Amino acid sequence: MKIDSLKEKLNIFKIPLNGIKLIEASAGTGKTFTIVLLYLRLLLGIGEKKIYKKKLLVHEILVVTFTNKAKEELYIRIKDGIQNMYLTCINKTTSDSSFQFFFKEIHDIKEAIYVLKRAQNDMNSSSIYTIHSFCQHILQLHTFHFNDIFEEKIIENEDNLYLQATQDFWRRFFYTLPEDIIKIIYQDYKSPDHLLKTIKPFFYIKSINFPTKILNNKKLIMYHEENIKKIIFFKEMWLIYHKIIQKTINDLEINKKIYSKFNLIKWINKITEWAKSETKDYTIPSILKYFTKKNIEKNTINNTCSKYIIFEESEKILKKKFSLKNVIIIYAVKKIHQFLLKEKKKKSLIGFNDLLSILLKTIKKEKFLKDLIIKKYPAAFIDEFQDTDIQQYKIFNLLYKKNKTTVLFLIGDPKQAIYSFRGADIFSYLYAKSKIKKYYYLDTNWRSSINICKSINFLFSQNINPFIFKNIPYIPVVPSSKNLKMNFTINDVAQTPISFFLQEEKEVSIDDYQVWISKQCANEISFWLTCAKTGKAKITTKNGEKILTANDIAILVRNRKEADLIQDELEKLNIISIYSSNKNSVFQTLDAQELLWILESILEPENEILLQQSMASHILKKLSLVVENKTISNKNSYFIIEKLYEYHDIWEKIGVFQMIKIMILEYQKNSFCTEINENHIKNLNFLHIGELLQEQFQFFHKKISLIRWFQKKISTKTQPEYNESIKCFDESPSIKIITIHKSKGLEYPIVWIPFSIDFKKSTLAIYHDQKSLKTFFDENYSNKFLKIADEERLAEDIRFLYVALTRSILHCSIGLACLIKKIIKNRNNSDIHQSGLGFTIQGGKTMNYEGLLEKLKKLSINNFIEVKNNTDNFSFSRKPQTISLICKNKFLNKKNIRNTWSITSFSQLNKINKLSKHHQKEVALKELCIKNQEKKNQSLLTIHNFPKGKKTGLMIHYILKNLHVLKNKNSNWFSCILEKYNIHIKWTSVLIYWIKNIINTPLNDEKIILSRIDEKSSIRELEFFFPIKNMLYSTELNKIIQSINPTSITSPQLSFNPVKGMLTGFVDLVFIWKKKYYILDYKSNWLGKNNNFYSSIHINKEIVKKRYHLQYQIYTIAIHKYLQKKLKNYNYKDDFGGVFYFFLRAIDCPKKNNGIFYTMPNYSLIKKTMTLIS
């Protein structure tokens, strides 16, 4: 197939307005503005009169794009373009040179003003669609002609249907297969979900050619039996030859290091054992590779192989790669598609892609529809044409080809085709391009600085075919002279447009690289912002010079995992960032649940249970506090009920959205600024949900039906629809972290691309024929076709790189390293040539670290590109500010806190404090001390040098859980326990001695001994839950416990995230002794080499350091609340005995300092803490 086309630089006023015109617009060359100008030409009828006689109306010009966001942008840009041209005609001048030039082409100004004014008034009837909404519009418009086939409900997301169809296929076909085949299938596909994940890419490819036709289980069984026969045949052959194989190989001049006598006997015996076994699956010993003709010749000096056929047969059977994996793929794709169509028909559903199929089929069949569409839309624009698929191309090609009275503009950039995951096919674009004799291109970059344009030109001009495929050329862009002054400076020094951050390691794994580059990225951004703080970092854009801010910087990633890595490092340097590619539904937030509680209460104000739920919401809780402050607390609940009735009336009169808006306004009126800021996102989510509810209410007669719909939305966890995704509000200075997919079409002054060397090799043998451009699947997964499939993956990775680089206006920093994906002995080269960035730098050649460094030096000769290795660690300090939408609450220590409601515990509340550098240093020193002590006392086994660590603590807790049966346990039982926890059984006698002392040591003067506690009077590992009804802040808790508890005064302040929800934990032992209830907690902490380290002073220090005072206060509250409900006339001072902390390593009967800590928590403290929490 001929793929070369003539190219011509686009002249807006000379391009003919008839036929099919392809325009290739590189990034930043004004693609959308070109559409606007051509749109204006069509409105005003500017062109060759012979070809183009009439002026078009806005509804006659079809504009099609691929996303709702792009559709909205096109609408706004076209509307603004008409407005600007109208003002230019009115004023007869403009500051915009493009409109001034356009103005000169207009001959009748009065008529142009009339046309543009009419276009402004008619913009609401303009024909701007997404591809799917266009299909829907046409089919709905002419549904009468199709016998009402279009009554089905249109669904945007088909994931649930696909899963249901896969589950049906799984049950119907796999369950009836023989057990042997099921086991083989299970090795490749563990579940329907797993199978669907593998085959999903096939559903997006409509024209794939499958080589094999397996349509039923009978043929699948036959295929399996053929495989089994081939394996059995080989086994029989092996059993014939196996006795002479060793002698045959020994007679050769073969490498004896590999083919030693020992190895040969071992290998032959293992293969023979396998050959004698029953053949149930496709297992073939990997060691068979040593008996292939190729391997033997490779290791033979004279390169002479034995005449025996067994070596050739070994090679053949290993090449077979017996598997049902690929057969199942073909089988499943065909059957699941049939199930899907059946299910859609049953439920009267139509997917977005079905719209394309129906329209294409109808256009082919019904000539009248084709004529109707052409008459309705004599001119059409297809925006982002590189993201098309073959069906979309065929629809518009059928409509507009060979028609001299219509015009179709196909506008796109094949270098930016990055949506193959959702069915976009670059080869459909190339096929369309091959059918066009001449295409037009745009080459003036209006977006970026002159230096960044030159840098990108230089980088992509290194290779003859920079995008791998010959028919995707790179045409160097010409930077606009208007961008001459655009620059990024630090200390008045212009920064190099592209910086490569190269890790100075000859080999590096992806995990190590990601950690390293995340730190470099965060450090450099911190340096920039630190300079900006003193006015030393400046950017000059089209809008003039300004100090650099966080809003000017974007970090481009591929997925959420990469975003989290970057956010973690930025967090450490006090830099706020926001991940703006969040696709979660607003219905899956706790804010949705909170709003549902309020709405349910509004419908039933006197329902006590619903009222209690809704009172937990920030709005009603604030109202109740306002009432209390007005000293009418006895009327509190009545006031709230009255308020709910009032809200019900508002809902009835002006709608649910306005009611929610009024509720929020009242909340803000009664709240402090800090409270408003704290609940800012919550209120925005309330309004967002309110809009969706208002829109949905038109389909219901009763409010309760809307509530049911709302409940279903919350409980159903599916992919959100376009208008349901959580909205990202950009109100505070922050670093933008965004996926490359979502960044397409956007621009940022400064861009960081940390992870562009990562790649995932193609695992599916889906490839395109380079001549016919058709799609094929190789079921045998031969290396030839896998290589082609991976080349196509690499080509898209290069396009990803191009999209990412061209988002930058002034500067781009990129991460780079000698990445090793697979460890191979004696390798000299890295794997980065298989990534988009590595291919571009190394020209697709393999290189080691030195080769890469040499290549980078050549690239950096002309000062367009620089190479860095490390950045300094700057901690960016910012002034405290009012909490806004994306700034953190002053109490927050972690990022990614989606909701404050959670189930928490002492360990979680204390966890953040353990992350301090001081604590880490202490732990490191203590571990070093323990290791040194262990080396000294290796010969003497005591409880003090008993193995340390978490497993010892878990083991002791497990043993003491069996407290009341320990007397009956022998040494074998203790040895088994040691083995269970991976501790040497040499410690058995020490452990028995230790446990005996623990259960027989008196806890206090009351002679409380564990072995004497009655089993019915104790509970081991008591789990508790109690609610944190009020938001719990660390500052407030610190004030209470440090004002009353003397132990707490000496410890550092607690610092944890605000929490609300449930507090949970486990108490090791709760028991009754002489009518008093006690708490006992076991501690296996190692404090020192002997009992001297377990004195009361040392134990108190450990209590303070580990914040055990908070732990026993929580335990006491839990038991206190429990006893209050269970015991009549319960009194804390009379019935509660106190808390024991048992430091077990000090339990050595004859010695002092037995490690027992006792306290009776202050009742005032317990009471105040309970009030704070609930």
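Please find, among 359, 324, 349, 369, the residue that is modelled with pLDDT under 85, in contact with a helix residue (DSSP H, G or I) (Cβ under 8 Å, 6 or more places away or on another chain), farther than 18 Å from residue 159 by Cβ and not acidic (Asp, Glu). Can you show your working first?
On the way: 359 fails: modelled with pLDDT under 85; 349 fails: farther than 18 Å from residue 159 by Cβ; 369 fails: modelled with pLDDT under 85.
Only one candidate qualifies: 324.
List the number of the failed condition for residue 613; all other conditions in (1) assigned to a helix (DSSP H, G or I); (2) outside the structural domain of residue 709 (by TED's automatic domain parsing); (3) in contact with a helix residue (DSSP H, G or I) (Cβ under 8 Å, 6 or more places away or on another chain) hold.
The number of the failed condition is (2).
Exactly one of (1) in contact with a Pro (Cβ under 8 Å, 6 or more places away or on another chain); (2) in a helix (DSSP H, G or I) is unmet by residue 1138. Its number?
If we test residue 1138 against (1) in contact with a Pro (Cβ under 8 Å, 6 or more places away or on another chain); (2) in a helix (DSSP H, G or I), just (2) comes out false.
Here are the criteria: (1) modelled with pLDDT under 85; (2) closer than 23 Å to residue 1066 by Cβ. Tell me which single one residue 1148 does not satisfy.
(2)
Conditions (1) in contact with an Asp or Glu (Cβ under 9 Å, 6 or more places away or on another chain); (2) at positive phi; (3) surrounded by 17 or more Cβ atoms within 10 Å (Cβ to Cβ); (4) not aromatic (Phe, Trp, Tyr), marked per residue:
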| position | (1), (2), (3), (4) |
| --- | --- |
| 991 | no, no, yes, yes |
| 995 | no, no, yes, yes |
| 1002 | no, no, no, yes |
| 1026 | no, no, yes, no |
| 1039 | no, no, no, yes |
| 1054 | no, no, yes, yes |
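Look through region 400-435, keep the residues that are over 24 Å from residue 798 (Cβ atoms) and among the β-branched types (Val, Ile, Thr), and return whichever of them is surrounded by the fewest Cβ atoms within 10 Å (Cβ to Cβ). I'd like the intermediate steps shown before the answer.
Residues of region 400-435 over 24 Å from residue 798 (Cβ atoms): 400-409, 435.
Add one more test, that the residue is among the β-branched types (Val, Ile, Thr), and what stays is 405-407.
Working: 405: 13, 406: 20, 407: 25.
My answer is 405.
Yes or no, residue by residue, for (1) of a type in the set (Asp, Glu); (2) more than 20 Å from residue 74 (Cα to Cα):
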site	(1), (2)
377	no, no
383	yes, no
426	no, yes
430	no, yes
433	no, yes
442	no, no
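Going by what's in this entry, would residue 73 be described as touching a residue at least 60 places away in the same chain (Cβ under 8 Å) and either more than 30 Å from residue 725 (Cα to Cα) or not assigned by TED's automatic domain parsing to the domain that holds residue 382 (or both)?
On the way: touching a residue at least 60 places away in the same chain (Cβ under 8 Å): yes; either more than 30 Å from residue 725 (Cα to Cα) or not assigned by TED's automatic domain parsing to the domain that holds residue 382 (or both): no.
Considered against the rule, which asks whether it is touching a residue at least 60 places away in the same chain (Cβ under 8 Å) and either more than 30 Å from residue 725 (Cα to Cα) or not assigned by TED's automatic domain parsing to the domain that holds residue 382 (or both), residue 73 comes out as no.
Just to be sure before I move on: is residue 997 without any contact (Cβ under 8 Å) to a residue 40 or more places away in the chain and either in the same structural domain as residue 1089 (by TED's automatic domain parsing) or in contact with a strand residue (DSSP E or B) (Cβ under 8 Å, 6 or more places away or on another chain) (or both) in the structure I sent?
no
Kindly evaluate residue 279 against the criterion of being surrounded by fewer than 19 Cβ atoms within 10 Å (Cβ to Cβ), within 30 Å of residue 781 (Cα to Cα) and polar (S, T, N, Q).
Values: surrounded by fewer than 19 Cβ atoms within 10 Å (Cβ to Cβ): yes; within 30 Å of residue 781 (Cα to Cα): yes; polar (S, T, N, Q): yes.
Criteria met by residue 279.
From the set of residues in region 440-471 that are modelled with pLDDT of 90 or more and within 16 Å of residue 385 (Cα to Cα), which is surrounded by the most Cβ atoms within 10 Å (Cβ to Cβ)?
442
Among the residues of region 7-21 satisfying the criterion of being part of a strand (DSSP E or B) and more than 24 Å from residue 476 (Cβ to Cβ), which is farthest from the chain's Cα centre (by Cα)? Reasoning before the result, please.
So the first thing to find is which residues in region 7-21 are part of a strand (DSSP E or B), and the list is 7-9, 19-21.
Narrowing further to those that are more than 24 Å from residue 476 (Cβ to Cβ): 19-20.
On the way: 19: 44, 20: 40 Å.
Across region 7-21, the extreme among qualifying residues is 19.
Output yes when any residue across region 801-816 is buried (at least 20 other Cβ atoms within 10 Å of the Cβ), assigned to a loop (DSSP other than H, G, I, E, B) and either not aromatic (Phe, Trp, Tyr) or not assigned by TED's automatic domain parsing to the domain that holds residue 422 (or both), and no when none is. Show your work before the answer.
Going through region 801-816, the residues buried (at least 20 other Cβ atoms within 10 Å of the Cβ) turn out to be 801-816.
Adding the requirement that they be assigned to a loop (DSSP other than H, G, I, E, B) leaves 806-807.
Adding the requirement that they be either not aromatic (Phe, Trp, Tyr) or not assigned by TED's automatic domain parsing to the domain that holds residue 422 (or both) leaves 806-807.
Yes: region 801-816 contains one or more residues that are buried (at least 20 other Cβ atoms within 10 Å of the Cβ), assigned to a loop (DSSP other than H, G, I, E, B) and either not aromatic (Phe, Trp, Tyr) or not assigned by TED's automatic domain parsing to the domain that holds residue 422 (or both).
What residue, of 719, 698, is surrounded by fewer than 15 Cβ atoms within 10 Å (Cβ to Cβ) and modelled with pLDDT of 75 or more? Don't jump to the end; show me each part of the working.
Numbers: 719 fails: modelled with pLDDT of 75 or more.
Of the residues listed, the single one that is surrounded by fewer than 15 Cβ atoms within 10 Å (Cβ to Cβ) and modelled with pLDDT of 75 or more is 698.
Here is a yes/no grid of residues against (1) touching a helix residue (DSSP H, G or I) at 6+ places or on another chain (Cβ under 9 Å); (2) closer than 27 Å to residue 997 by Cβ; (3) touching a residue at least 12 places away in the same chain (Cβ under 8 Å); (4) surrounded by fewer than 20 Cβ atoms within 10 Å (Cβ to Cβ):
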site	(1), (2), (3), (4)
1090	no, yes, yes, yes
1097	no, yes, no, yes
1100	yes, yes, yes, yes
1108	yes, yes, yes, no
1111	yes, yes, yes, no
1121	yes, no, yes, yes
1136	yes, no, yes, no
1146	yes, yes, yes, no
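List the pairs whose first member sits in region 106-125 and is over 19 Å from residue 47 (Cα atoms), whose second member is in a helix (DSSP H, G or I) and basic (Lys, Arg), and whose Cβ atoms are under 7 Å apart, counting only residues at least 6 apart or on separate chains?
What qualifies is 123/79.
For region 831-843, name all the residues that are part of a loop (DSSP other than H, G, I, E, B) and out of contact with any Asp or Glu (no Cβ under 7 Å at 6 or more places or on another chain). Break it down stepwise before answering.
Narrowing region 831-843 to residues part of a loop (DSSP other than H, G, I, E, B): 831, 835, 843.
Of everything in region 831-843, those that are part of a loop (DSSP other than H, G, I, E, B) and out of contact with any Asp or Glu (no Cβ under 7 Å at 6 or more places or on another chain) turn out to be 831, 843.
Touching a Cys at 6+ places or on another chain (Cβ under 6 Å) and either closer than 28 Å to residue 35 by Cα or without any contact (Cβ under 8 Å) to a residue 60 or more places away in the chain (or both) - does that describe any residue in region 472-479?
Applying the first criterion (touching a Cys at 6+ places or on another chain (Cβ under 6 Å)) to region 472-479 yields 477, 479.
Imposing the further condition that a residue be either closer than 28 Å to residue 35 by Cα or without any contact (Cβ under 8 Å) to a residue 60 or more places away in the chain (or both) reduces the set to 477, 479.
Yes: region 472-479 contains one or more residues that are touching a Cys at 6+ places or on another chain (Cβ under 6 Å) and either closer than 28 Å to residue 35 by Cα or without any contact (Cβ under 8 Å) to a residue 60 or more places away in the chain (or both).
From the residues in region 938-969 that are modelled with pLDDT of 85 or more and assigned to a loop (DSSP other than H, G, I, E, B), which one is surrounded by the fewest Cβ atoms within 10 Å (Cβ to Cβ)?
My answer is 947.
The values are calculated or read from the model by the stated rules, or taken from the named source; none is laboratory data. Just so you know, these numbers come straight off a predicted model, no measurement behind them. Cβ coordinates were reconstructed from backbone atoms using ideal geometry, including for glycine residues, and neighbour counts include every protein chain displayed.
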